[in-house]
Amino acid sequence: MVLWSGAAKSAAAPEETKYASLAGRSRCLAGIENAGRRLLKSRQRATEMFIVLIIFLVAQRVSELVVSKRNQRWAMSRGGIETGRGQYSVIVILHALFLLSLVLERQYLPRGWDPLWPFWLGILILSQLLRAWSELSLGRFWNTRIIVIPGARPVLKGPYRFIRHPNYVAVVIEILAIPMLCGAYLTAGAFSVLNAVVLYWRIREEERALDLLEGDALRRLPRFMPDKRKRLNEQTGRNDGPDQGTRATAG
């Protein structure tokens, strides 16, 4: 009887090993399947976040064009003079191509969100705050076109107390931060260079127009980086009252 029992256990051992192996494989496959589902959900969330970002950018651009058109009518009714019409269409095309390039690179060269995405998101938020501050400071004088009203004074409040072109600083930052956030590195590099070229052209045209509005005094301010030694009020020794004037943005 003892010999028979040992033989029975010996015969059952291969069966138990077989079932244990199958169970292990099943658990492994289940783990792979769950990991795949989590990855798919993660990619879906990333895609949804990207779509939300694109919708926000398009809505922002469209709303700015609407506000700009309204402000343009207001400025023209007060004798406003528009300059730099030729480069305006170039700026519009550049920003449209930027969004298109962002979508295409995300679609055909997907890299996922950049590992430093919290940093780039923070930089982008700061740029949007600077953009909003600039536009609110200019009020009805803000425009995507270059329009000056003869006899008006430059706006010297908000960020314009410290630098001449805070809105362009915001644009430069967002052109870099948005694609970096999404892992669209080719778009980030290419359009940062293109944007720099166009802004150089734009700023030269805008500053020629601003020369009509106490431009010599305005030029004492740094263009992009604040410098306490060059603040306009310290240089001129005057206390500006309610400021008027006009600026233009490529926003």
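The values are calculated or read from the model by the stated rules, or taken from the named source; none is laboratory data. As the structure is a prediction and not an experimental result, all values here were calculated from the model. Ideal geometry is used to build each Cβ from the backbone, glycine not excepted, and the neighbour counts take in all protein chains shown.
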Exercise. Within the range 205-213, is there a residue that is exposed (fewer than 15 other Cβ atoms within 10 Å of the Cβ), over 24 Å from Ile54 (Cβ atoms) and not hydroxyl-bearing (Ser, Thr, Tyr)?
Worked result: yes
Seminar exercise, completed: Checked against (1) over 23 Å from Leu194 (Cα atoms); (2) among the small types (Gly, Ala, Ser); (3) at pLDDT 95 or above, Ser101 satisfies every condition except (1)
Seminar exercise, completed: Residue pairs qualifying under the 9 Å Cβ cut-off, at least six apart or on distinct chains, with the first in the range 65-86 being free of Cβ contacts under 8 Å to residues at least 24 places away in the same chain and the second being surrounded by fewer than 16 Cβ atoms within 10 Å (Cβ to Cβ) and among the charged types (D, E, K, R), are Arg70/Arg140
Problem set entry | Close pairs from the range 140-152: first closer than 10 Å to Gln72 by Cβ, partner β-branched (Val, Ile, Thr) and not in a strand (DSSP E or B), Cβ under 8 Å, at least 6 apart | Asn143/Thr246; Asn143/Thr249; Thr144/Ile91; Thr144/Thr249; Ile147/Thr246
For this session: Please tell me if Gly158 is free of Cβ contacts under 8 Å to residues at least 40 places away in the same chain and in contact with a helix residue (DSSP H, G or I) (Cβ under 6 Å, 6 or more places away or on another chain).
Result: yes
Problem set entry | Condition met for Arg140 (in a helix (DSSP H, G or I), farther than 30 Å from Leu104 by Cα, at pLDDT 90 or above and over 19 Å from the mean Cα position of the chain (by Cα)) | yes
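Modelled with pLDDT of 90 or more and within 24 Å of Leu176 (Cα to Cα): does that describe Ala75?
no
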Seminar exercise, completed: Taking the range 163-191 and keeping only residues that are hydroxyl-bearing (Ser, Thr, Tyr) and crowded, with 17+ Cβ neighbours inside 10 Å, one is left with Tyr168, Thr187
Exercise. Can you spot a residue in the range 97-117 that is within 17 Å of the chain's Cα centre (by Cα) and under 30 Å from Leu210 (Cα atoms)?
Worked result: yes
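Residue-wise test of (1) over 16 Å from the mean Cα position of the chain (by Cα); (2) in a helix (DSSP H, G or I); (3) modelled with pLDDT of 95 or more.
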site: Ile163; (1), (2), (3): yes, no, no
site: Asn167; (1), (2), (3): no, yes, no
site: Pro179; (1), (2), (3): no, yes, yes
site: Leu186; (1), (2), (3): no, yes, yes
site: Val193; (1), (2), (3): no, yes, yes
site: Trp201; (1), (2), (3): yes, yes, no
site: Arg204; (1), (2), (3): yes, yes, no
site: Ala209; (1), (2), (3): yes, yes, no
site: Leu212; (1), (2), (3): yes, no, no
For this session: Kindly establish whether Ser63 is at pLDDT 90 or above, under 26 Å from Leu129 (Cβ atoms) and of a type in the set (Ser, Thr, Tyr).
Result: yes
